[in-house]
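The values are calculated or read from the model by the stated rules, or taken from the named source; none is laboratory data. Quantities reported herein were computed from a predicted structural model and do not represent experimental measurements. Cβ: placed from backbone, ideal geometry, glycine included. Neighbour counts: every protein chain shown.
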Amino acid sequence: MYYSLWKMLEMVDHSVNRKPCMKLLKENEVLFKTVQGSTHNHQAWKGGYWDHIQEVMNIAIVLYKPLDELRAHHFTLGEALLVLFLHDAEKPWKYEQTPDGLRHKKYFVTKGDSHGYRMSVIAKYNIQISSQQENAIKYVEGEHNDYTNQRRVMNELAMFCHMCDGWSARGWHNRPLEKNETWGSRQFSAKADPPLAEKNKNVPITDVF
């Protein structure tokens with residue numbers, strides 16, 4: 001089964017995080033279904049952000065069990081779903097439209113800027129994350145300038161989420177899964193999440209704070 005974003009949030013560990021994640025999604029659903037997944041490189045279409053988050057979480061569900069059977073994970077599927085739901089939490093407020101196309105707003109210059117804003121969204125909604133989960137949220141896209149050969153930077157949860165994110169962003173970057181298309185041997189259910197009504201397609205991208 002290809003799960004809807006709403007259904008996967010029900011799989012997040014502990015109601016202390018399920019409820020605020022649901023609130024974040026409910027309050028920003030129209031925006032999340034409007035903004036692109038990136039400026040150019042992946043899911044770069046209207047609503048691509050929603051498609052990307054839903055996809056990475058579904059990939060996690062597919063990969064978690066077979067890898068766990070080979071060697072036990074030190075994290076739960078619910079933790080991975082939480083991290084993947086939040087790993088791009090800044091993006092709905094990161095972009096602005098210009099005559100030359102979509103671009104980053106002036107206060108999103110570095111990876112650190114993006115992570116800082118991401119953490120402010122998490123704090124605003126009172127989502128409780130552990131140090132392991134914060135590491136994974138920070139390094140889903142890799143270690144970048146934090147890499148060192150003196151110690152391991154990414155933890156196991158970060159690496160698992162990195163696999164899921166990388167395949168969606170680079171393997172399936174150019175189109176969403178279509179209604180009635182197969183997801184492995186299972187069909188993508190049209191019951192997932194219906195597209196926005198036509199009247200909602202031009203929702204402006206504004207700051208959350």
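In the stretch 121-171, the qualifying residues are those that are among the aliphatic types (A, V, I, L, M) and over 17 Å from residue 111 (Cβ atoms), and the one that is surrounded by the fewest Cβ atoms within 10 Å (Cβ to Cβ) is 123. Just wondering, is there one or more residues in the stretch 181-191 that are more than 18 Å from the chain's Cα centre (by Cα), at pLDDT below 60, under 20 Å from residue 42 (Cβ atoms) and not basic (Lys, Arg)? Taking every residue of the stretch 181-191 in turn, at least one turns out to be more than 18 Å from the chain's Cα centre (by Cα), at pLDDT below 60, under 20 Å from residue 42 (Cβ atoms) and not basic (Lys, Arg). Across the stretch 130-153, the number of residues qualifying as of a type outside the set (D, E, K, R) and either at positive phi or modelled with pLDDT of 95 or more (or both) comes to 9. Could you tell me whether any residue of the stretch 43-52 is among the aromatic types (Phe, Trp, Tyr), farther than 20 Å from residue 176 by Cβ and modelled with pLDDT under 85? For the stretch 43-52, residues among the aromatic types (Phe, Trp, Tyr), farther than 20 Å from residue 176 by Cβ and modelled with pLDDT under 85: absent.
Considering the stretch 26-41, the residues that are surrounded by 15 or more Cβ atoms within 10 Å (Cβ to Cβ), in contact (Cβ under 8 Å) with a residue 24 or more places away in the chain and out of contact with any strand residue (DSSP E or B) (no Cβ under 7 Å at 6 or more places or on another chain) include one that is farthest from residue 175 (Cα to Cα), namely 28. Checking the stated criteria, residue 136 turns out to be touching a Cys at 6+ places or on another chain (Cβ under 9 Å) and assigned to a helix (DSSP H, G or I).
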